[in-house]
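Please find one structure pasted underneath; my questions will follow.
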Amino acid sequence: MEEEDEQNPQQRSYWSRWSKHDFFPEPTFQNLSSYKDALSHTPSRLKDRLLHRSSDSFELLQLPKQSENRMKRCLTWWDLVWLGFGSVVGSGIFVITGQATRDAGPSIVLSYAISGFSALLSVLCYTEFAVEIPVAGGSFSYLRIELGDFVAFIAAGNILLEALVGSAGLGRSWSSYFASMIRTDDTDFLRIRVKSLPNGFNLLDPIAVVVLLVANSIAMSGTRRTSVLNWIASIASAFIIVFIIIVGFVRGNTAN
């Protein structure tokens, strides 16, 4: 019976992990003396992190054993296709197209073709990595194996920064479009103006915050629900893009 318990440890819900051990599982944070001892080994540990590289066997076999809840495979090929499409062709295409058109003019089509080819190269790289190293860590795990922990750490920080800045920009753009549907003369009327802040930073956007909270809540509710929402939004985006291309060819001015 004890052997079965060791092989199948009791699984806990994600929302029930609020103890000190859950937030600080490392022995380093158990008490002040252990923390001071860990600080004394910082130079050697930093050197190890700079030079250390993970391995395929560790990422595939040993690392998953440290997790209490194994991840379930709930995505089909249909979900993965639209997940890739949504990652490459995001909603940002509807946000920056107008500004890019003012700068690039009619050559915006060529600009999108070049960027699409670059995205295709990135997709091929990720496909090769995913087949060779089928783990849930994504770019972080791939870089840990190929280039080491330090490069993976820098890349993970850049990915987090990109997600924060990108989601903030998309949330603000969504609120601007929503406001323009109500009033075309002032798209900032739903935002809160703070006079004590400098211009350009004095407009608080509660609508954008609500949009991001709703999106994050859906993402946290489960992978399957998020995937369904993703492929619905991706299909809608694909139809809109095709519609814009067709209208552009039909109503376009060849004199440009």
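Can you put Trp174, Trp77 in order of Cβ neighbours within 10 angstrom, beginning with the fewest? It would help to have the intermediate numbers written out before the result.
Working: Trp174 20, Trp77 7.
Ranked by crowding around the Cβ, least crowded first: Trp77, Trp174.
Here's another thing I want to ask about it. Distance from a point 7 Å along Cα→Cβ of Phe239 to each backbone N in the range 203-232: keep the residues under 19 Å and list them by number.
So the set is 227-232.
Using Cα-Cα distances under 8 Å and only pairs 6 or more residues apart, what relative contact order does the chain have, in percent?
On the way: 142 pairs, mean separation 55.3, N = 256.
In percent, rounded to a whole number, it is 22.
Could you give the spread of the C-alpha atoms of the chain along their three principal axes, from largest to smallest, in whole angstroms?
Extents along the principal axes, in whole Å: 75, 49, 41.
How much length is gained if the chain between Lys65 and Ser115 is pulled fully straight, taking 0.36 nm per residue apart and subtracting their Cα-Cα distance, in nm to one decimal?
14.0 nm
Report the full-extension gain for the segment Phe29 to Val209: residue separation times 0.36 nm, less the Cα-Cα distance, to one decimal in nm.
Values: separation 180, 0.36 × 180 = 64.80 nm, distance 3.41 nm.
Here the segment from Phe29 to Val209 would lengthen by 61.4 nm.
Something else about it: Note down the nm distance, to one decimal, between modelled labels 7 Å out along Cα→Cβ at Val151 and at Arg53.
That separation, rounded to one decimal, is 0.8 nm.
Build a GNM of the chain with springs between Cα atoms under 10 Å: which of Ser173, Ser19, Ser87 gets the top mean-square fluctuation?
Comparing Ser173, Ser19, Ser87 in the GNM, the peak value goes to Ser19.
Still on this structure: Could you tell me the distance between the Cα centroids of the range 85-125 and the range 185-232, to the nearest Å?
Going from one Cα centre to the other spans 23 Å.
Tell me the Kirkwood radius of the range 159-256: reciprocal of the mean inverse pair distance over distinct alpha-carbon atoms, in Å. Don't jump to the answer; show the numbers that get you there.
Details: mean 1/r = 0.0610 Å⁻¹.
About 16.4 Å for the range 159-256.
Apply the membrane-span-like helix rule to the chain: whole DSSP H runs, Cα extent along the own long axis of at least 24 Å, mean Kyte-Doolittle hydropathy at least 0.5. List the helices found. Walk me through the numbers before you get to the answer.
Working: long enough: 108-132 (36 Å, 1.46); 149-182 (50 Å, 1.04); 223-251 (41 Å, 1.51).
Membrane-span-like by this rule: 108-132, 149-182, 223-251.
According to the square roots a ≥ b ≥ c of the eigenvalues of the Cα gyration tensor, what is the shape class of the range 196-235, taking rounded for a/c under 1.5, prolate for a/b larger than b/c otherwise, and oblate for the remainder? Intermediate values should be presented prior to the final figure.
Values: a/c = 5.19, a/b = 2.76, b/c = 1.88.
It comes out prolate by the Cα gyration axes.
Values quoted throughout were computed directly from the atomic coordinates according to the rules given, and no laboratory measurement underlies them. Because the structure is predicted, anything quoted here is derived from the model rather than measured. FYI the Cβ positions are ideal-geometry reconstructions off the backbone, even for glycines, and counts take in every protein chain you see.
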